[in-house]
Structures are given as structure tokens and as C-alpha cells.
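Enquirer: One structure is given below, represented as C-alpha cells, and several questions about it will come after.
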Amino acid sequence: MQEEKNINGQKNRIIIFDTTLRDGEQAPGFSMNVEEKLRMARQLERLHVDVIEAGFPIASVGDFEAVKTIAREIKGIKIAGLARANDADIIRAAEALEKSDSPRIHVFIAASDIHLEKKLKISRDEAVERAIKGVGLARKYVDDVEFSAEDATRSDWQYLGQVFSAVINEGAATINVPDTVGYTVPQEFYKLIKYLKDNVRGIEKAVISIHCHNDLGLAVANSIAAIEAGARQIECTINGIGERAGNASLEETVMALWTRKDIYPFTTNITTQQLYPTSRLLVHITGIPVQPNKAIVGANAFAHEAGIHQDGILKDRKTYEIMTPDAIGLHSNTLILGKHSGRRAFKERLKSLDYELSEEETNKAFNAFKALADKKKVVYDEDLEAIVLEEILRAPDTYKLRCVNFASGTEMLPTATVEMEIADSIIKDSGKGDGPVDAVYKTIASITKTKSRLVKYSVNSITKGTEAMGEVTVQLEEDGITMIGRGAHTDIIVASARAYVNALNRLGYKKSSKVSKNTKGEF
């Protein structure tokens, strides 16, 4: 393997470009509001990613505000905004990034013939002209410009090299090679990156980046193959979320490099102990869990049920574990707090879980903890997470659930009474249903006058036992928009109400964000 140039003074250093807040957020059900995006960006800051792609500023008012807020609040990390190769997009991105101390404008245009002919209806030469003009305009606003050739892996290699040479000459410091539809395979992608390294004029002036989708389940494998060929930036997402089958998973890619240093002599700036907390935060924000068998962060990733495996683990964890749970920040689910625990122990435990709250927030969380501890014999880390994320850090909502009361049984018609706060007004109503959840939902629907349809309802326990915190996830659909909500409580009916109201709030935000047409930046 050829020796690569140093990045930030480090040999074989891989730049981690996180696009959870842009490409990941575009996937159905994963939309986040400004406050949620900022919360996620702060966690990505703790994870020590090198670049945060905060959004697509021209796509909507909400996306613009999210990029603008993150650019203002997050310092010491490159903040990127996506833009098509046209004046309006680039100017809008520059405006959103104005307060960043390290801004990057990420300009893209398609390079494959099928995209040029069928989607953009332009010639190859016109695409090159637009790319040059776009990069040139972006360079007037920022020093750091990245250029992406959409659908690169289905493009003519010689033409792709021509496009990249042109934009590097115009000042692009990073050239991105996206596998937009997850079409390539590792051997082919290796050859493509190697071809570009050997044939693109001026390539030594730029960092080669890759952005792999997972349609064939090869996104991580393709990313690693590209690194071996000379790529030095990986574009990826937490939990692998993103368009269709998702993107290369950040945690899988990073831990593959971390675990197999004997084969891959590369380093990243990632604090691996923050991988699991980051994954969990994304699940809490979006309400969409990772599958149990998900590599690195799935519930079963460090679980051992087979007797032979358990015997081996007890003798030496290395028999069946190639990495330790601690390496990704997964601590054992051990009881440390109860109703007799004091404020100091509570604060220390929150600190160990990487939650930094204000004094007011700590007091509110402590009161919620005490209320929970009175109901439960034991309180687990996951319970504390639920308290912080559900009670303290959740963004302000249009609809606020004040109280829920219900009655149900084998010989009575289920009824519910719900009190909500909407625009500083308190509204109380009662309703009936086929069961307690149905009664609560019909009452909430009557109060909010929602026209949404319940598509999915699921219940999981956060911890073990009959007194466990229950976690409810619901999916609502209205006017073609699908949104997921999440709620947690020891009473599953209350958790259900919280999840439904959360989904209604997220649905309202999505409907009011005024998304522009044809502005999805899919790589």
C-alpha cells in the first residue's frame, strides 16, 4: 500500500465526516427539529467527529435554522452545509454557516449519464461548467469547499476524473466519491479510488472522500476498501441511518479500524467510549430503535446465551468477544441508585453517563428520579437515561400532556380523561375506546383535532421486571408525511400517551417546515 500524505500532522489519519443530521435525517421517520439537531450535534462533538454535516440549508426553513444554530453553537469542529451547484443553494449555505469558526460548503452535482440525461437533462460539458462555477462561488464565501460527484460509482471513470480535475483546479480541497445507490462492491471501489489517485490532475492537493450507501449491505466494506486504496475521509452516520437502506455505519467503520489495527494501520480522532451513548441518544430523539443483532451497538452485540459461549466468556472474555463493551461506552446494567440515594450520588451517576445538566435541570431530574424510585425497587442506568431524555432534554412542544386518567376492565367500557396544554390554554376532555390506549388516543385526537392515522404501535421494556420502565413507539401518517414518536413511563398507558403526543408534535413541526421541492441531497 502506498504511503499517504499526513492529515493534521498524522500519518494515515482518517477524517470522520458525520452526515447523521443531513443524509441520515432525510430517511422516513428520522426528521429532527432544531433543538434535537443541536442536542445531537453536541453529542457528536463529544464523540470527536471531524466534520458535522448539519443539513441542507435551502431545503427548508427548519434546515436553515438548524445549520445556522449548530454553526453558531458548536466550535472547534468543521460544520458543513450541503448545496447543489447553483447560486441560490450556495448563497443560502453561506448564510447559514456565517457564524461558524470552521465552515465548509459541500457542493454537489450528478456525474453519471443516467442522472445527467434523465434527471438534470444536461450534457456532460454543462455539468462540468456548473461544477466549476459552483465551487468557484463557494470559495468566495469559505476557504474549505468539498465537491461531490453524485452517483460517481455509475459514472464513466475518465469523465469523473475530468470533473474532479476541474473542481480541484477551482479550489475544492475535498473531492467526494459517492456510491449514491449502493451499487459498487469492494474490489471495484478499490480500483475506482486507485484510478482517481493515479489519473486525476492535481489530486495531491485534495483529500479523497467516500460516501457509501448500504443497498447491498456493503457500505462499510466498500468504505474500508476505499481507505486501503487511498481515500482519507469517510462520510457515515450513527446507526447507519439514511436514505433507503442507509449509509455506512460510523460505529461499525470506526471499530473495524480500531479492532483490526494489524491489517488497517489507520487512526481516527473518535472517542470510541462515546459510540454507545451517541447511538442511544439518536434512538431517543428519533424513537426508532436499532435491531438487536446490529453490529457494535445492538442489544445482542455483547450478549451470550449459548452454554458453550457462556463457559468460554467466564473463562476469558476474548474467547467470544473481539472488543470489550467498555471500548464503546457500554457499561454493565448494575443497580447503583434507589429511593434512599442522595443528590450527590445522583449527580455523580449522571456525570458518569456523560450528562451535564444545569442546577435547575439537575433538580428537576432528581425529583423525577425520586418519584420513579418510589415506584421501583431498583433504578438502572437506562431509567436515568429515560428521565433525562424524556423529562429534561426534550425540546419544547406545541402540545403538552398535563395528565392522563383512565379506567378499564373485563366488564366495563374503557374510558379516559386527558388534560393538555395548547398555546397556553388548558383543555380537558374524556373519551371511550376498545381499550385504555384506544380511549386515550381518541381523546387526545379529539383535543388536538388531528387528522393523522396511527400506522404503528409497539411496546418495549427499558429494563427488566414487572416494574420496568416501558418504552412506547408510535408511527403517525398524515398527508403523505410519516412521523415517529416515543414515550417512556412505568405506566404503559401514560407512556403510550406521551409517545402519541410526541409524534403529533414532530408531525406538526415537519408540516410547518415548508420543505422546498426537489431539494433532497441524496448521495
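The values are calculated or read from the model by the stated rules, or taken from the named source; none is laboratory data. Quick caveat, the model's predicted, so the values are computed rather than measured. Here the Cβ positions follow ideal geometry from the backbone for every residue, glycine too, while neighbour counts run over all protein chains shown.
Enquirer: Going by the structure shown, is Pro28 at pLDDT below 95 and either assigned to a loop (DSSP other than H, G, I, E, B) or more than 15 Å from the chain's Cα centre (by Cα) (or both)?
Expert: On the way: at pLDDT below 95: yes; either assigned to a loop (DSSP other than H, G, I, E, B) or more than 15 Å from the chain's Cα centre (by Cα) (or both): yes.
For Pro28, the condition - at pLDDT below 95 and either assigned to a loop (DSSP other than H, G, I, E, B) or more than 15 Å from the chain's Cα centre (by Cα) (or both) - is met.
Enquirer: With the structure loaded, tell me whether Thr482 is among the hydroxyl-bearing types (Ser, Thr, Tyr), over 13 Å from Arg498 (Cβ atoms), touching a residue at least 40 places away in the same chain (Cβ under 8 Å) and in a strand (DSSP E or B) or whether it fails that test. Even if it seems obvious, please write down each step before you answer.
Expert: On the way: among the hydroxyl-bearing types (Ser, Thr, Tyr): yes; over 13 Å from Arg498 (Cβ atoms): yes; touching a residue at least 40 places away in the same chain (Cβ under 8 Å): yes; in a strand (DSSP E or B): yes.
Taking the combined requirement at face value, the residue satisfies it.
Enquirer: Still on this structure, I have one more. Assess whether Thr286 counts as being buried (at least 22 other Cβ atoms within 10 Å of the Cβ) and not assigned by TED's automatic domain parsing to the domain that holds Thr20.
Expert: On the way: buried (at least 22 other Cβ atoms within 10 Å of the Cβ): yes; not assigned by TED's automatic domain parsing to the domain that holds Thr20: yes.
Taking the combined requirement at face value, the residue satisfies it.
Enquirer: Answer yes if at least one residue in the range 71-89 is touching a Leu at 6+ places or on another chain (Cβ under 8 Å), surrounded by fewer than 24 Cβ atoms within 10 Å (Cβ to Cβ) and under 24 Å from Ala131 (Cβ atoms), and no otherwise.
Expert: yes
Enquirer: In the range 256-295, what residues are touching a helix residue (DSSP H, G or I) at 6+ places or on another chain (Cβ under 8 Å) and closer than 23 Å to Pro178 by Cβ?
Expert: Those that are touching a helix residue (DSSP H, G or I) at 6+ places or on another chain (Cβ under 8 Å) and closer than 23 Å to Pro178 by Cβ: Ala256, Leu257, Tyr264, Phe266, Thr268, Ile270, Leu282, Ala295.
Enquirer: Filter the range 261-305 down to residues that are on the phi > 0 side of the Ramachandran plot and modelled with pLDDT of 85 or more, then give me how many there are.
Expert: So the first thing to find is which residues in the range 261-305 are on the phi > 0 side of the Ramachandran plot, and the list is 287, 296.
After this cut, where a residue has to be modelled with pLDDT of 85 or more as well, the list is 296.
The number of residues fulfilling the criteria is 1.
Enquirer: So which of Asn239, Asn293, Asn300 ends up being assigned to a helix (DSSP H, G or I) and among the polar types (S, T, N, Q)?
Expert: Numbers: Asn293 fails: assigned to a helix (DSSP H, G or I); Asn300 fails: assigned to a helix (DSSP H, G or I).
Just one listed residue meets the conditions, Asn239.
Enquirer: Still on this structure, I have one more. Can you find even one residue in the range 489-497 that is outside the structural domain of Arg92 (by TED's automatic domain parsing), surrounded by 13 or more Cβ atoms within 10 Å (Cβ to Cβ), modelled with pLDDT under 90 and farther than 30 Å from Lys119 by Cβ? I'd like the intermediate steps shown before the answer.
Expert: Going residue by residue through the range 489-497, those that are outside the structural domain of Arg92 (by TED's automatic domain parsing) are 489-497.
Right, trim to surrounded by 13 or more Cβ atoms within 10 Å (Cβ to Cβ) and you get 489-497.
Cutting the leftovers down to modelled with pLDDT under 90 gives us 489-490.
Add one more test, that the residue is farther than 30 Å from Lys119 by Cβ, and what stays is 489-490.
There is at least one residue in the range 489-497 that is outside the structural domain of Arg92 (by TED's automatic domain parsing), surrounded by 13 or more Cβ atoms within 10 Å (Cβ to Cβ), modelled with pLDDT under 90 and farther than 30 Å from Lys119 by Cβ.
Enquirer: Right, something else. Only residues that are assigned to a helix (DSSP H, G or I) and either over 15 Å from Ser31 (Cβ atoms) or among the acidic types (Asp, Glu) (or both): list them for the range 271-282, please.
Expert: Of the range 271-282, the ones assigned to a helix (DSSP H, G or I) are 272-282.
Listed by number, the residues that qualify are Thr272, Gln273, Gln274, Leu275, Tyr276, Pro277, Thr278, Ser279, Arg280, Leu281.
Enquirer: Read through the list (1) closer than 19 Å to Cys236 by Cα; (2) assigned to a loop (DSSP other than H, G, I, E, B), then give the number of the only condition that Ala59 fails.
Expert: Against the list (1) closer than 19 Å to Cys236 by Cα; (2) assigned to a loop (DSSP other than H, G, I, E, B), Ala59 comes up short only on (1).
Enquirer: Considering Pro103, Pro28, which residue is surrounded by 20 or more Cβ atoms within 10 Å (Cβ to Cβ) and more than 19 Å from Thr271 (Cβ to Cβ)? Let's see the steps before the verdict.
Expert: On the way: Pro28 fails: surrounded by 20 or more Cβ atoms within 10 Å (Cβ to Cβ).
Only one candidate passes the filter, namely Pro103.
Enquirer: Output the residues belonging to the range 108-158 that are under 20 Å from Val185 (Cα atoms), buried (at least 16 other Cβ atoms within 10 Å of the Cβ) and β-branched (Val, Ile, Thr).
Expert: Once the filter is applied, which keeps residues that are under 20 Å from Val185 (Cα atoms), buried (at least 16 other Cβ atoms within 10 Å of the Cβ) and β-branched (Val, Ile, Thr), the range 108-158 yields only Thr153.
A quick yes/no check of all residues on (1) outside the structural domain of Cys236 (by TED's automatic domain parsing); (2) touching a residue at least 60 places away in the same chain (Cβ under 8 Å); (3) part of a helix (DSSP H, G or I); (4) out of contact with any Gly (no Cβ under 9 Å at 6 or more places or on another chain):
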{"site": "Ala41", "(1), (2), (3), (4)": "no, no, yes, yes"}
{"site": "Val49", "(1), (2), (3), (4)": "no, yes, no, yes"}
{"site": "Ala54", "(1), (2), (3), (4)": "no, no, no, no"}
{"site": "Asp63", "(1), (2), (3), (4)": "no, yes, yes, no"}
{"site": "Val67", "(1), (2), (3), (4)": "no, no, yes, no"}
{"site": "Arg72", "(1), (2), (3), (4)": "no, no, yes, yes"}
{"site": "Ile90", "(1), (2), (3), (4)": "no, no, yes, no"}
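Enquirer: Among the candidates Glu228, Glu170, which residue alone is within 30 Å of Arg260 (Cβ to Cβ), at pLDDT 95 or above and surrounded by fewer than 20 Cβ atoms within 10 Å (Cβ to Cβ)?
Expert: Sole residue among the options that is within 30 Å of Arg260 (Cβ to Cβ), at pLDDT 95 or above and surrounded by fewer than 20 Cβ atoms within 10 Å (Cβ to Cβ): Glu228.
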